[in-house]
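Undergrad: Can you keep this structure in mind? I'll have questions shortly.
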Amino acid sequence: MKSGQEVPSGAAPAGATDGRTRDRVVRLLLERGPSTAADLSHELGLSPAAVRRHLDAMTSDGTITTTSTVVRGPRGRGRPARRYTLTEAGHQAGPTAYSDLAAGALSFLADACGPDAIAEFARARGVDLERQIRDEVVAVPPAERPEAIAAAMTQAGYTASVSELPTGTQICQHHCPVQHVAERFPALCEAETAMLARLLDTHVQRLATIAHGDGVCTTHIPVIPVEAITVFPAAGSAVAAGSTPAGPASVSGAQPDPAASGQTSQPSNFSEGSL
């Protein structure tokens, strides 16, 4: 994606696959074994081109791989057919009883100890994920940390990417390992958002989540507008003495031009931790 090209909230960039289609492909391959793109296209009710886009993305992230078998024609001539099959990582991503078990355990915890216990569990899980990826993130300069977070979260199973927009930066997670549990317990998403804010040491806003039915989890890191920066005049200056300056106050005497710096001129109205 080109820098500055905005992606609508919840829309995956080219080369990505949405969580629900991904789950359906995994389930079909678990049930039917190695399948061609044509087979999957028929079962999913999607065009061959759309299915191949999803399959290419899942091949790239290691969820599936391809094998070739010979298909015999009417005259006995064979031609290779590419079939898609799950990798070991893909099998681990398939539907299991663990999601139901985890959701049942959290429901029991909420009934026994109240909703605050769920929030505390979610916070502890966010701290644990932060601990796993913090060293990789803080080892790079602040401007490179969104990319470092995306790479680390991809290794953790989130399949994340970064997009640069005029209003800031977006981290998009194209897969959620706890999607089915987070659908019932949104505190997990809230704790994850707080974790990203801590790693980046700045305010962030969650625009979309897979658990809420969006195609991707999208976290926006807004640019701090120039108007939000408070400049305090030096003691003894004309401004400090109460006189009205001829022009806008600034550190060096000239107000930075928002257009020249690439920053948005609109003040931020994001609320931290919102979904």
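Undergrad: Do we find a residue being in contact with a strand residue (DSSP E or B) (Cβ under 7 Å, 6 or more places away or on another chain), open to solvent by 20 Å² or more (accessible area, probe 1.4 Å) and among the hydrophobic types (A, V, I, L, M, F, W, C) anywhere in segment 162-185?
TA: yes
Undergrad: Of 143, 122, 148, 156, which residue is among the hydrophobic types (A, V, I, L, M, F, W, C) and farther than 20 Å from residue 203 by Cα?
TA: None of the others qualify; the one that does is 156.
Undergrad: For segment 192-214, give me each residue that is assigned to a loop (DSSP other than H, G, I, E, B), surrounded by fewer than 18 Cβ atoms within 10 Å (Cβ to Cβ) and not charged (D, E, K, R).
TA: Answer for segment 192-214, where residues must be assigned to a loop (DSSP other than H, G, I, E, B), surrounded by fewer than 18 Cβ atoms within 10 Å (Cβ to Cβ) and not charged (D, E, K, R): 202, 203, 213.
Undergrad: Given the criterion among the aliphatic types (A, V, I, L, M), without any contact (Cβ under 8 Å) to a residue 60 or more places away in the chain and open to solvent by less than 20 Å² (accessible area, probe 1.4 Å), identify the matching residue among 143, 150.
TA: Sole residue among the options that is among the aliphatic types (A, V, I, L, M), without any contact (Cβ under 8 Å) to a residue 60 or more places away in the chain and open to solvent by less than 20 Å² (accessible area, probe 1.4 Å): 150.
Undergrad: If we scan segment 99-111, do we find a residue that is without any contact (Cβ under 8 Å) to a residue 12 or more places away in the chain and part of a loop (DSSP other than H, G, I, E, B)?
TA: No - not one qualifying residue is present in segment 99-111.
Undergrad: Consider residue 81 carefully, then state whether it is hydrophobic (A, V, I, L, M, F, W, C), farther than 24 Å from residue 210 by Cα and at pLDDT 90 or above.
TA: no
Undergrad: Search segment 42-66 for residues being among the polar types (S, T, N, Q) and farther than 16 Å from residue 28 by Cβ, and hand back the single one that is modelled with the lowest pLDDT.
TA: 60
Undergrad: Among all residue pairs at least 6 apart or on different chains, which show Cβ distances below 9 Å where the first residue, located in segment 49-64, is of a type in the set (Asp, Glu) and the second is open to solvent by 10 Å² or more (accessible area, probe 1.4 Å) and outside any helix (DSSP H, G or I)?
TA: 56/15; 61/159; 61/174; 61/175
The values are calculated or read from the model by the stated rules, or taken from the named source; none is laboratory data. In this text, all values refer to a predicted model and were calculated from it rather than measured experimentally. Counting neighbours? That spans all protein chains shown, and the Cβs are built from the backbone with ideal geometry, glycine included. Remember, those area values only see protein heavy atoms, side chains included, never the ligands or the DNA or RNA. Shrake-Rupley method; radii C 1.70, N 1.55, O 1.52, S 1.80 Å.
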